[in-house]
Amino acid sequence: MNSIIQYVPPPGPGKNSEVLNGTENAVGRGVYFMKNVKKRMDFCYDHRAPSIVVEVAEYRNGYLDVRKRGGKIRAITEITKSNIEYCKKLMNLVNELRHMDGVKGGLAVSEKEYMATTHLQESKPLTQVIYSNVTEFVEQQQYFFDTIWQKAVPAAEKIREIEEGILPDVIEAIRDPNEIQRRFHGLLQSAKNEILMILSTTNALHRQRRAGTLVLLNKLAEKGKGKRGLPIRLLMHGDDSAKEYVLRFLNPKICTRFIKPGLQRVNIVLVDRKFSLAVEVKDDSKKGVDQAIGFATFSNSQSTVLSYISIFEALWNQTELYEQLKEHEKMEKEFIDIAAHELRTPLQPIISYNALALKNQIDKDEAMRVIDKQARRLRKLATDLLNTSKIESGNLTYTIQKVKINKLILDVIGSNAIAKASGNYHQSAEGQGLSIKAELDKSNDSLEIDADRDRITEALTNIIDNAIKFTNIGTIKVKNHVYPDKNKIEIRISDTGSGISKDILPRLYGKFVTKSISGKTKASQHGTGLGLFITKAIITAHKGQIKAFNNHRGGATFVISLPIDSNSNISEK
């Protein structure tokens, strides 16, 4: 539009407000408004306005005249993909341009006057405006503009986001409880990769249960990608009612851990590591969500979301460490009880038989046999404790040499008190209904491996002793098999005992693991719980592997794999 429209002043002197209709009146009053600007002129208008200012000569020239006179122009508009080029040109006409989503209509305010319109058409002049020079009204509109200005985003930043496809950072405060809960559910339903959630109190858990959130989580846990569903991790305060609810009603696919009460008063949901919603708990005693919660903060800012993720992961790991500490304390207490028992058990017969022998109330040879047996038991306990300490400090030493593995296995079996050798390759020993058999391949009789003979002997002895403890009647078989192409030998030790307890199997090689077997076992045969810990350390040092499992028909099997030729000194010191 290139025609010249004369400015239209207000009717008569004094303060007044009016509505002007028609292009000439609307644009003319705008020209008048701009000519009156002395120091500043502020605009807030929708996404169509940049094209109007740039294309309509009266507006474009009016902006330039204000700038020439030293006036300052600030403008707010909604910058979009469709108007981005007009906005770049508008930035040359104003002192500063900012972006805000969803701007409607338009307003302009100067030191003394105010104008507004609701009728904006792209690249076309205005056809209707509201005008006022009433001081109180102008000051009110200036306040509104300044408030919006503080929240608006610099135009250059918004243009860069659009051109580079960057998701803009949003930090939004929400005060309406109903909107908070709607946003809460909306975020959960939008999740594609992961949900992390913190419910800081038991009451918060039950409020979300009543609001249907946990039902929604159960569905999401089933409907995610793949068979495992959507990964969901939930942290919550865990009193008895919370734990009972989780056990009875929460989908077992949802990973749940419990935090101590009072750690925080904020419920947090994190979705896909991109979005966060933190909800203040205002009054935890209330049953309804709308009564209990205060304001909430939604954000997609990477720094904000990552901060909340760090808090979540720290609490998550803290609960794991806390549970490990409790388990460790429990195991150590059990170990102290067991160690005390293991010490008393051999000491008592040593003291008793020694006293009887001194009084000539028992055969001295018989007394010496008992004392020797119990002394060996004490030495084994002391050795296990010393080896455990050396393993943990990395000071357990190994002397590597060539070892004939078949002979070593037979020697281990022969060294057991109940074993009575009767043959080289089908060796059996009878003792209280229990037999030990070595079924070894004679063709491997000369096979040698690189190993510490004493340490491997100790490892095999620990496993066989363990099998003896938990096999009252039956058979313990020791077999081996050579895999030349894999440079390894496999040793299997199977028993027909009562098997390994399911709750022990995952931590079988830990320290102080003493609840060894389900069902009835021989009295006083649990041991210190260090044998398998030491065994695994020895096998690992030899670059080998050890595994255990329960047999289908009862009993347990341990499988040890060792390299035939180590090609190294295997931690030799």
(message) Just to be sure I understand the filter: pairs with C-beta atoms under 7 Å, separated by 6 or more residues or on different chains, first member in region 48-62 and on the phi < 0 side of the Ramachandran plot, second member basic (Lys, Arg) and surrounded by fewer than 22 Cβ atoms within 10 Å (Cβ to Cβ). Which pairs pass?
(response) 52/124; 53/60; 54/60; 54/89
(request) Working only within region 106-136, note down all residues that are in contact with a strand residue (DSSP E or B) (Cβ under 6 Å, 6 or more places away or on another chain) and either assigned to a helix (DSSP H, G or I) or of a type in the set (Phe, Trp, Tyr) (or both). (result) 114, 131
(request) With the condition kept exactly as written, say whether any residue in region 343-366 is part of a helix (DSSP H, G or I), within 45 Å of the chain's Cα centre (by Cα), farther than 30 Å from residue 236 by Cβ and not aromatic (Phe, Trp, Tyr). (result) yes
(request) Pull up region 236-252, narrow it to residues that are surrounded by fewer than 17 Cβ atoms within 10 Å (Cβ to Cβ) and touching a helix residue (DSSP H, G or I) at 6+ places or on another chain (Cβ under 8 Å), then point me to the one that is modelled with the highest pLDDT. (result) 249
(request) Please go through region 544-558 and pick out each residue that is more than 13 Å from residue 462 (Cα to Cα) and over 32 Å from the mean Cα position of the chain (by Cα). (result) 544, 550, 551, 552, 553, 554, 555, 556, 557
(request) Output the strands (runs of 3 or more DSSP E) that fall wholly within region 231-292 and possess 2 or more residues being under 19 Å from the mean Cα position of the chain (by Cα) and not hydrophobic (A, V, I, L, M, F, W, C), or say none. (result) 232-237, 255-259
(request) Hey, could you check region 376-399 for residues that are hydroxyl-bearing (Ser, Thr, Tyr) and out of contact with any His (no Cβ under 9 Å at 6 or more places or on another chain) and say which is nearest to residue 530 (Cα to Cα)? (result) 388
(message) Being among the hydrophobic types (A, V, I, L, M, F, W, C) and surrounded by fewer than 22 Cβ atoms within 10 Å (Cβ to Cβ) is the requirement here; does residue 54 meet it?
(response) yes
(request) Select from region 381-398 the residues that are part of a helix (DSSP H, G or I) and touching a residue at least 40 places away in the same chain (Cβ under 8 Å) and list them in ascending order. (result) 381, 384, 385, 387, 388, 391
(request) Could you tell me whether region 218-232 includes any residue that is surrounded by 17 or more Cβ atoms within 10 Å (Cβ to Cβ) and on the phi > 0 side of the Ramachandran plot? (result) yes
(message) Give me the residue from region 293-313 that is assigned to a helix (DSSP H, G or I) and in contact with a Lys or Arg (Cβ under 7 Å, 6 or more places away or on another chain) and, out of that set, surrounded by the fewest Cβ atoms within 10 Å (Cβ to Cβ).
(response) 309
(message) For the structure I just gave you, tell me whether residue 282 is of a type in the set (D, E, K, R), within 21 Å of residue 295 (Cβ to Cβ) and at pLDDT below 90.
(response) yes
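Here's the yes/no breakdown for (1) on the phi < 0 side of the Ramachandran plot; (2) modelled with pLDDT under 90; (3) surrounded by fewer than 14 Cβ atoms within 10 Å (Cβ to Cβ):
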{"residue": "480", "(1), (2), (3)": "yes, no, no"}
{"residue": "503", "(1), (2), (3)": "yes, yes, yes"}
{"residue": "508", "(1), (2), (3)": "yes, yes, no"}
{"residue": "520", "(1), (2), (3)": "yes, yes, yes"}
{"residue": "537", "(1), (2), (3)": "yes, no, no"}
{"residue": "544", "(1), (2), (3)": "yes, no, no"}
{"residue": "547", "(1), (2), (3)": "yes, no, yes"}
{"residue": "555", "(1), (2), (3)": "no, no, no"}
{"residue": "561", "(1), (2), (3)": "yes, no, no"}
(message) Any residue at all in region 130-141 that's surrounded by 15 or more Cβ atoms within 10 Å (Cβ to Cβ) and in contact with a helix residue (DSSP H, G or I) (Cβ under 8 Å, 6 or more places away or on another chain)?
(response) yes
(request) Keeping to region 151-205, report how many residues are of a type in the set (Gly, Ala, Ser), touching an Asp or Glu at 6+ places or on another chain (Cβ under 9 Å) and not in a helix (DSSP H, G or I). (result) 2
(request) Find the residue count for region 65-82, including only residues that are more than 25 Å from residue 144 (Cα to Cα) and either of a type outside the set (Ser, Thr, Tyr) or outside the structural domain of residue 29 (by TED's automatic domain parsing) (or both). (result) 4
(request) From (1) assigned to a loop (DSSP other than H, G, I, E, B); (2) at pLDDT below 85, pick out the condition that doesn't hold for residue 497. (result) (2)
(request) Could you tell me which residue of region 102-149 is modelled with the lowest pLDDT, considering only residues that are closer than 23 Å to residue 56 by Cβ and among the charged types (D, E, K, R)? (result) 122
(request) Answer yes or no: is there a residue in region 322-341 that is within 30 Å of residue 195 (Cα to Cα), assigned to a helix (DSSP H, G or I), of a type in the set (Phe, Trp, Tyr) and out of contact with any helix residue (DSSP H, G or I) (no Cβ under 7 Å at 6 or more places or on another chain). (result) yes
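The values are calculated or read from the model by the stated rules, or taken from the named source; none is laboratory data. What you see is a predicted model, and the numbers here were worked out from it, not measured in a lab. A quick note on method: Cβ atoms are made from the backbone with ideal geometry, for glycine too, and the neighbour counts reach across all protein chains shown.
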